[in-house]
Structure formats: C-alpha cells, structure tokens
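*Asks:* Sharing a structure, written as structure tokens. Questions coming.
The values are calculated or read from the model by the stated rules, or taken from the named source; none is laboratory data. Fair warning: this is a prediction, and the values are worked out from it, not measured in the lab. Note that each Cβ is placed from the backbone with ideal geometry, even for glycine, and that neighbours are counted across all protein chains shown.
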Ligand SMILES: Nc1ncnc2c1ncn2[C@@H]1O[C@H](COP(=O)(O)OP(=O)(O)O)[C@@H](O)[C@H]1O
Ligand SMILES: [Mg+2]
C-alpha cells in the first residue's frame, strides 16, 4: 500500500469543484457509442505512463483482427498519437471548433486501416476549452456509431475537465499504471473520481513498464486492494506490458511495434488485450490475477451486503 494522503487533498478539491460546476454529462445520456461503436477511453492520471503507445498499438492490433478502429486523440493541444503513427494530419479538431470543418472532414487514414482524429498540437485554445466547445466535441463522438467498431480515445495527463469529460462520455475506460508510486496514486485519484460520480462501475486496468510478471501482478494487486477497500468500483485487470526497449525504440522510430514486431513480447501482450476486448474473455492459460473478474465482483457483493 502507498501513502495516499497528499493526493487525497487534491482529489477532494476536484470532486468538490466537479459537483459545483457540473463536470460531467448526465450519466443516462453519456454513452457516445450505440450498439455500433464501442467507445473506450484510455486514461491514467499521471502522464508519460504509456497511454498513447497503448492506444496506437491496440488500435493497430484490433484493426489487424478485422475491426474498424478510429483513434480519437483527446490530448487536446498536445496530441501525439499521430507522431507515434508517423503521420501528419492536414486537419485537426482545431479546424472543427474554430474553422469550417466537420468531424468527417478531419478523419485521417493511418496504417493498417486505423483512422485518426487528431487533437491538434500547439493550440492553447484546445488545452483550455470552454464547456460549450468541450460538449461540442463530446457530442461529435456519436458520429462514430456507424463508422467504427472501436473508437479509442487517448486522453491527456491529469484529471482535468477535458480528460474527465471524455472518460465520462466513453462506454468503457482503460486505466494505465506503471509500478511507480506516483503512477499508482494518480491512477487511484482518477478511479476515485470515476467511482464517486458513478461515471463507471468498472475500470479495466493495464500495467505498463513492469520489470517482470511478478511486479506486474503486485502492481495490479495494489490498485485492486486499495480500490476494493475504499471505493465502490470494480477493477478488471486486462493485461500488462513489460518494460521493453523495443517499445521506446518503436516510438523513436515512429514505427508501432504491433505493426513491425507483432510477435515480440509487447506485441503479444497487446494481442491478448485486443482478443479480450473483442471476445470479453481471457484466452485459456492467460493471466487472470487473483481478485480480478468474477472473484472481485463477488468480493464487492460481499462488501456491499456483508
Ligand atoms: N513498455 C514500455 N517499455 C519501455 N518504455 C516505455 C514503455 N511504455 C512507454 N514507454 C516510454 O514512455 C514514454 C511515454 O509514453 P507515452 O505513450 O507517450 O505516454 P503517455 O501517453 O501516457 O504520456 C515513451 O516515449 C516511451 O519512451
Ligand atoms: Mg499521450
């Protein structure tokens, strides 16, 4: 367990402000995707933990498995999914909000059939959106109901209104953590906000940059334990990616590892997660850590009614 005290002050402040200012769309109307598109937001609290790398490689892998995938880069003003994909979008959300483009005009084709909506880079306006424009973007997500099987939303660091608005608009959320204590506390703060506002009843968890499998399991268990103890939200561990030079080199080379090295350990980890997302099931023999899935649900029920 780690010391949560300093973070809980900040989280409490955000929760208070959120209640006052109506951070989130109403829960009933918040699902952007219908039966057509699954809208999955990837968030973490802490920056630099591997969200964009996960989004890009997961998107490519899902597309290789026959899914229609759109990446929606909601790290507004600091978007870099395009950098990892090695493409230069002619238009971004900036052109939608402040120019004359519609959402369908700014969808860019990327590798393996993945398509991208860029959040724009270097635009201060995007990083500090007013609530009306933020709502305008969030509503534009419904366009993808017919256009995609998976809409994967990459979010920025922190638990700002921009981040929480997109996480609230998604059907599902993946929280990325690394074994570092700062990543764990920030992920906990994010999950706490999601739980307090009943934005999601479950989060999927991916452990990134683990030194080995034991560290990955320990990291996931720390989150499961503290969430299980203090929050009414389920954590479903969907996989891990090891600390791997191939991953950082792929980013430097702008050549996603899932495309160029699909059989690498990192490529295989992503492939398992993609299969899990499509089928809803871990494959036989794959990692199912103690406390995840049905077991943690039963524990949750025991806590609620015990
Ligand atoms: N599994 C990994 N192994 C080694 N380095 C990684 C791994 N995942 C991410 N990184 C490093 O972390 C950096 C930040 O990754 P990024 O996906 O941009 O994070 P975020 O989107 O959360 O800010 C990358 O540039 C890369 O160097
Ligand atoms: Mg990023």
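*Asks:* Picking from 252, 192, 275, which residue would you name as being away from ligand 1 (no atom under 15 Å from the Cβ) and over 16 Å from the mean Cα position of the chain (by Cα)?
*Replies:* Just one listed residue meets the conditions, 275.
*Asks:* How about the stretch 65-82: which of its residues are farther than 21 Å from residue 254 by Cβ and modelled with pLDDT of 95 or more?
*Replies:* From the stretch 65-82, those farther than 21 Å from residue 254 by Cβ are 65-68, 76; that's our starting set.
Once the filter is applied, which keeps residues that are farther than 21 Å from residue 254 by Cβ and modelled with pLDDT of 95 or more, the stretch 65-82 yields 65, 66, 67, 68.
*Asks:* Can I ask one more? Based on this model, can you work out whether residue 97 counts as under 19 Å from residue 110 (Cα atoms), more than 16 Å from ligand 1 (Cβ to nearest atom) and at pLDDT below 95? Steps first, please.
*Replies:* Details: under 19 Å from residue 110 (Cα atoms): no; more than 16 Å from ligand 1 (Cβ to nearest atom): yes; at pLDDT below 95: yes.
No: the conditions fail for residue 97.
*Asks:* Does residue 54 satisfy the criteria of being outside any strand (DSSP E or B), on the phi < 0 side of the Ramachandran plot, within 16 Å of ligand 1 (Cβ to nearest atom) and crowded, with 23+ Cβ neighbours inside 10 Å?
*Replies:* Values: outside any strand (DSSP E or B): yes; on the phi < 0 side of the Ramachandran plot: yes; within 16 Å of ligand 1 (Cβ to nearest atom): yes; crowded, with 23+ Cβ neighbours inside 10 Å: yes.
In short, yes.
*Asks:* Could you tell me which of the residues 59, 79 is within 14 Å of ligand 1 (Cβ to nearest atom), closer than 24 Å to residue 130 by Cβ and touching a strand residue (DSSP E or B) at 6+ places or on another chain (Cβ under 8 Å)? Reasoning before the result, please.
*Replies:* Values: 59 fails: closer than 24 Å to residue 130 by Cβ.
One residue alone meets the criteria, 79.
*Asks:* What number of residues within the stretch 205-256 are away from ligand 2 (no atom under 16 Å from the Cβ) and assigned to a helix (DSSP H, G or I)? Break it down into steps so the answer makes sense when it comes.
*Replies:* Pass one, the stretch 205-256, residues away from ligand 2 (no atom under 16 Å from the Cβ): 205, 207, 210-240, 242-246, 249, 253, 255.
If we keep only those that are assigned to a helix (DSSP H, G or I) as well, we get 213-230, 245-246, 249, 253.
Total satisfying the criteria: 22.
*Asks:* Then there's this: Can you list the strands (runs of 3 or more DSSP E) found entirely within the stretch 81-156 that contain at least 1 residues being within 26 Å of residue 280 (Cβ to Cβ)? Before you say what the answer is, go through the steps one by one.
*Replies:* Values: elements: 107-109, 115-117, 150-155.
Result: 115-117, 150-155.
*Asks:* I'm trying to understand the selection: among the residues of the stretch 150-179, which are modelled with pLDDT of 95 or more and away from ligand 2 (no atom under 16 Å from the Cβ)?
*Replies:* 150, 151, 172, 179
*Asks:* If we keep just the residues of the stretch 257-266 that are within 12 Å of ligand 1 (Cβ to nearest atom) and either more than 18 Å from the chain's Cα centre (by Cα) or part of a strand (DSSP E or B) (or both), which is surrounded by the fewest Cβ atoms within 10 Å (Cβ to Cβ)?
*Replies:* Going through the qualifying residues, I end up with 265.
*Asks:* Additional query: If residue 287 meets every condition in (1) more than 22 Å from the chain's Cα centre (by Cα); (2) surrounded by 15 or more Cβ atoms within 10 Å (Cβ to Cβ); (3) modelled with pLDDT under 95 apart from one, which number is that one?
*Replies:* All conditions pass for residue 287, except number (1).
*Asks:* Can you find even one residue in the stretch 243-251 that is in contact (Cβ under 8 Å) with a residue 24 or more places away in the chain and touching a strand residue (DSSP E or B) at 6+ places or on another chain (Cβ under 6 Å)?
*Replies:* Yes: the stretch 243-251 contains one or more residues that are in contact (Cβ under 8 Å) with a residue 24 or more places away in the chain and touching a strand residue (DSSP E or B) at 6+ places or on another chain (Cβ under 6 Å).
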